[in-house]
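The block underneath contains the structure these notes are about, expressed in structure tokens.
The values are calculated or read from the model by the stated rules, or taken from the named source; none is laboratory data. Being a predicted model, the structure only gives us computed values, none of them experimental. Note that each Cβ is placed from the backbone with ideal geometry, even for glycine, and that neighbours are counted across all protein chains shown. SASA here: full protein model, heavy atoms, side chains in, ligands and nucleic acids out. Shrake-Rupley method; radii C 1.70, N 1.55, O 1.52, S 1.80 Å.
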Amino acid sequence: ANYHHHPVYSKKSLHLMNLSHTKMNNSIYKATSSSALYMSTESKKKSSPSSSSSSTIMDVQELKRNVEEATSVLQSNLQNVPSIEILQNQIQDLEAETSDPSFWDNPNDPRTKFVNRELASKNKLLDRIQLWDKLKGECLASLELLDELNNSNSNSNEEDQETIDMILEECSIAAHKLIDDGRRYELESLLNGKLDNNPARIILTAGAGGTEACDWVDMLHRMYLRHAEAMGFDAKVEERSVGDVVGYKSIELSIEGENAYGWFRGEKGAHRLVRLSPFNANNKRQTTFAGVDVVPILDDGEVEDVDVPDAELEITTMRAGGKGGQNVNKVESGVRIKHIPTGINVKCTQERSQHQNRDIAMKRVKAQLLAIAQEQRCEEIRAIRGDAVEAAWGAQIRNYVLQPYKMVKDQRNNWETSDAQGFLDGDLEDCIGELLRTRAREEQIAREEDEQYKEG
């Protein structure tokens, strides 16, 4: 039968028009699947009708398994989110509050920031749920159409086979998008800590290794910037101390975006690099370390209740140096504050006034203490144990081995990959995702132990 007189042509046309619209937005998934599908299509053209039909049946069966997996992930996520109607009502209430002219009188007011953050978060979740529903509809409609095409004419001609291949490809793309975004949402749902939704500061400090350590800090700085960009965060360099030869002695990044602190806080610790050093005259293999500290950025209202006795602080001043004229080069405007019980050390040189730098540094110290208190589940700041990151042998949380073999391995959960270069280029999502799952399991065990202790 001719393609244009096919009994399901009108239904197929409508569906293909919808698929072609979504096709333009799926370049990432096509890059991985188009070559394989093209080879499959070409082989089907050259093969006999019976082998082509058999291959199509196998493709449809595999596709059905993918759609079943996508549907399972979707149902699991929908159990943990409000319905579309509830979300729409919540968004309507928040928008009504923002429409009040007095709402914008003070953009830095904690309530204003909270409402804006909640409104953006709920709109994002609503768009996500609607996208899931759309992708699921595309998958189910494609499978239904494939069944009709296969049942209507067992001896399909070449045009029919091309149509089937196109539907297979588009349905596969929709299913994988649904699976990938669903799994990412599962990870995001684990970021439910009190401070997880705050912006984050990442402080990288050269450890043992001299010039090699400064270059290692530069490599980590590049890795985190690339990963932040890939994940949709806004990242920028706040402060830096340039190394004597290359790289940085220390560098500070600020990361803004939804759940920025929750996503990056597992990076805190010592990071160890093993490679053939380009700074060694004999090109010998060398081990070096860098310390990574991750701290939430808090509003004034979130830290004003934190009381830190002056006796626990060691405050020193210094010349900030760099751009800014004679003031920063001759006046000691920079401030360093050390919290003696924990070893927390904060330096601030970003303002021209020593008083302003002292206030900023003090807020950062309090933010770090709050974050550590949350991690150690302490009710009071004075109960916090020492938590300074030691960038030296034996304290590493992750090893990056580039010689004699290539491997990145996290010491906390034994996650590893042989794609060391890809990891250093910012592909950290799988590693951080597995770390979040591990942390969720550990926190669940800790809660169960606390309940048993209270009952006992």
Using the structure shown, list the pairs from K249/K338; K268/K363; K113/K409 with a Cα-Cα distance above 30 Å, or answer none.
K113/K409
Once the piece of chain linking E95 and N413 is laid out straight, how much longer is it, given 0.36 nm per residue of separation minus the C-alpha distance between them?
110.2 nm
Full-extension gain between N80 and Q452, please, as 0.36 nm times their residue separation minus the C-alpha to C-alpha distance.
131.3 nm
Over the range 264-304, what percent of the accessible surface lies on carbon and sulfur atoms, probe 1.4 Å?
40 percent
Roll a 1.4 angstrom probe over the protein heavy atoms and tell me the percent of accessible area of the range 190-256 that is carbon or sulfur.
45 percent
Output ordering of 347-360, 79-92 (per-residue mean of other Cβ within 10 Å, highest first) is 347-360, 79-92
Assuming 0.36 nm per residue, please report the length gained on full extension of the stretch Q421 to L313 beyond their Cα-Cα distance.
34.7 nm
Using the heavy atoms of the protein chains and a 1.4 angstrom probe, tell me the accessible area per residue for the range 128-265 in square angstrom.
41 Å²
Highest mean first, what order results for 195-204, 158-167 on Cβ atoms within 10 Å?
195-204, 158-167
Heavy-atom accessible area of the range 114-168 with neighbours in place, 1.4 angstrom probe: carbon+sulfur share in percent works out to 48 percent
